[in-house]
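The values are calculated or read from the model by the stated rules, or taken from the named source; none is laboratory data. This structure is a prediction, so every number in the text was calculated from the model and none was measured. Please note: Cβ atoms are built from the backbone with ideal geometry, for glycine as well, and neighbour counts cover all protein chains shown. With ligands, DNA and RNA removed, areas are computed over all heavy atoms of the protein, side chains included. Shrake-Rupley method; radii C 1.70, N 1.55, O 1.52, S 1.80 Å.
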Amino acid sequence: MNDFTDLFEDFPELQSDGIIMMKEVCSHFGLLFSAFALLETGLQNCFVFWQLRQSLKNGKIRSEEHWQREFDALQKKAEDATFGSLLRLVSDVRELDPHMPDLAKLKKSRDYFAHHFFREENDKMHSDESAILMLDRMNILRKLVKVSEDSVDMVQEKIFNSIYPGVDMNGTLKRIMEAEKADFIANPRTKFGWEHQPP
C-alpha cells in the first residue's frame, strides 16, 4: 500500500472532492518543470561567475567595460545552452564536482519530462489511482531537484563571494528582483517569447 502522507501534507487540496486528476497532473508537471528551471538558472550563474573569476585571475578583465562585455557574452552563452550542454560548461567548476552525479541523473529525468512524459504517461492520467501515484513520484522528484538547486546555489554564492568578498549576494539579488518586479507591475509585459521567434 502506498503512503501519500508527504504528498497530502504538501498539497492538501488533493483530498478534496471534485478533484480532476488530469488537471492536477498538468499542474504538477508545471511545478516540476519550474523547479528544473530554477536549478538551470543556478547552473548558469555558476558558469558565469566561475568564468569571470578565471578571466580576472588571468588578467583578461582590466576595466569595467571589459567586465561588462565578458559578463554579457557569458550570460548569453549560458542562456543559449541546453541543460546537457550547460552541465558540460560547468564540468570544470571543481566546487560542483560532488554534485555532478546527481545533476546528471536529474538531467535524464528532465529530458524525459521535456520529451516523453505526456506521450508515455498519458494513459495513467485516466486512472485516479495511477494519477495520485504519479503525483507522489513527481513530488519526490521535485524535492530532489530542490536539494540540488540549494547545493548549486551554495556553490554559486561561494564563487560570487570569492570575486566580491564581503558583498551580500542574496541581498543584492533581492534588491535587483524587487526593482524588476516593481517595473513589471508598472509596465506590464504584453509580448511573449514563443510568439516572437525568428523564422
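Here are the numbers for the structure shown:
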item: Qualifying residue in segment 51-62 (condition: within 24 Å of LYS143 (Cα to Cα) and open to solvent by 10 Å² or more (accessible area, probe 1.4 Å)); result: no
item: Looking only at segment 1-17, and only at residues there that are polar (S, T, N, Q) and assigned to a helix (DSSP H, G or I), the one that is nearest to MET125 (Cα to Cα); result: GLN15
item: Residue, farthest from PHE33 (Cα to Cα), within segment 122-140, restricted to residues that are among the charged types (D, E, K, R), in contact with a helix residue (DSSP H, G or I) (Cβ under 9 Å, 6 or more places away or on another chain) and modelled with pLDDT under 95; result: ASP128
item: Residues of segment 64-84 satisfying the condition of being small (Gly, Ala, Ser) and closer than 20 Å to LEU38 by Cβ; result: ALA78, ALA81, GLY84
item: Of residues in segment 145-180 being among the small types (Gly, Ala, Ser) and assigned to a helix (DSSP H, G or I), the one nearest to LEU56 (Cα to Cα); result: SER162
item: Residue list for segment 18-50, restricted to those being in a helix (DSSP H, G or I), farther than 18 Å from LEU173 by Cα, open to solvent by 50 Å² or more (accessible area, probe 1.4 Å) and free of Cβ contacts under 8 Å to residues at least 12 places away in the same chain; result: LYS23, CYS26, SER27, SER34
item: Looking only at segment 185-199, and only at residues there that are assigned to a helix (DSSP H, G or I) and open to solvent by 100 Å² or more (accessible area, probe 1.4 Å), the one that is nearest to ALA35 (Cα to Cα); result: TRP194
